[in-house]
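Structure record follows, encoded as structure tokens.
The values are calculated or read from the model by the stated rules, or taken from the named source; none is laboratory data. Owing to the predicted nature of the structure, the values given are computational and were not obtained by experimental measurement. Neighbour counts run over all protein chains shown; Cβ positions are idealised from the backbone, glycine included. Accessible surface is based on the protein model in full, side chains and every heavy atom, while ligands, DNA and RNA are left aside. Shrake-Rupley method; radii C 1.70, N 1.55, O 1.52, S 1.80 Å.
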Amino acid sequence: QVQLVESGGGLVQAGGSLRLSCAASGLTFSNYAMGWARQAPGKEREFVATIRWSGINPYYADSVKGRFTISRDNTKNTVYLQMNSLKPEDTAVYYCSAGTSVFDLARGKSDYWGQGTQVTVSS
């Protein structure tokens, strides 16, 4: 009955921006660390960003650090990923995740996954 539903993906030109949202239900949202991962065709799923239940000390993959920002609103059961200065190599399906710790999420271990939202960046 836990659901994570991503939205906000789409097609954007290189250098553009998108904001992804993940709406969670069926869990006590504030008790979970949240994260984002992505998977490009033919590649392994890659950690993108995580955020603690408190919203402090977010952590990012080196490939997106300085360009992406993760945030959460515990009153709305929603986590966001603001993506700026997008590059073609950012093209992937982006997945929202929930888990017991940011450390687990960063290494791909999560309790729940969303279905993903496609982000395509054209050159």
Long-range neighbours under 9 Å by Cβ, at least six apart or interchain, first residue charged (D, E, K, R) within the stretch 1-21, second surrounded by fewer than 12 Cβ atoms within 10 Å (Cβ to Cβ): Glu6/Gln115
Count, please, the residues in the stretch 102-121 that happen to be surrounded by fewer than 14 Cβ atoms within 10 Å (Cβ to Cβ) and either closer than 13 Å to Leu18 by Cα or at pLDDT below 95 (or both). 4
Before we move on, is Leu86 part of a loop (DSSP other than H, G, I, E, B), touching a strand residue (DSSP E or B) at 6+ places or on another chain (Cβ under 9 Å), at negative phi and open to solvent by less than 30 Å² (accessible area, probe 1.4 Å)? yes
Given the condition over 12 Å from the mean Cα position of the chain (by Cα), more than 17 Å from Ala24 (Cα to Cα) and touching a residue at least 60 places away in the same chain (Cβ under 8 Å), answer yes or no: does some residue in the stretch 63-85 qualify? yes
Would you confirm whether or not the stretch 89-100 contains a residue that is modelled with pLDDT of 95 or more, assigned to a helix (DSSP H, G or I) and farther than 17 Å from Asn31 by Cβ? yes
Extreme residue, surrounded by the most Cβ atoms within 10 Å (Cβ to Cβ), among residues of the stretch 25-45 that are small (Gly, Ala, Ser) and more than 16 Å from Val64 (Cβ to Cβ): Ala33
Of all residues in the stretch 25-62 being hydroxyl-bearing (Ser, Thr, Tyr) and part of a loop (DSSP other than H, G, I, E, B), which is farthest from the chain's Cα centre (by Cα)? Thr28
Filtered residues of the stretch 50-67 (kept if open to solvent by less than 50 Å² (accessible area, probe 1.4 Å), in contact with a helix residue (DSSP H, G or I) (Cβ under 9 Å, 6 or more places away or on another chain) and closer than 20 Å to Ser101 by Cα): Thr50, Ile51, Ala61
Which of the residues that make up the stretch 1-24 are open to solvent by less than 50 Å² (accessible area, probe 1.4 Å), part of a strand (DSSP E or B) and more than 14 Å from Arg72 (Cα to Cα)? Gly10, Val12, Leu18
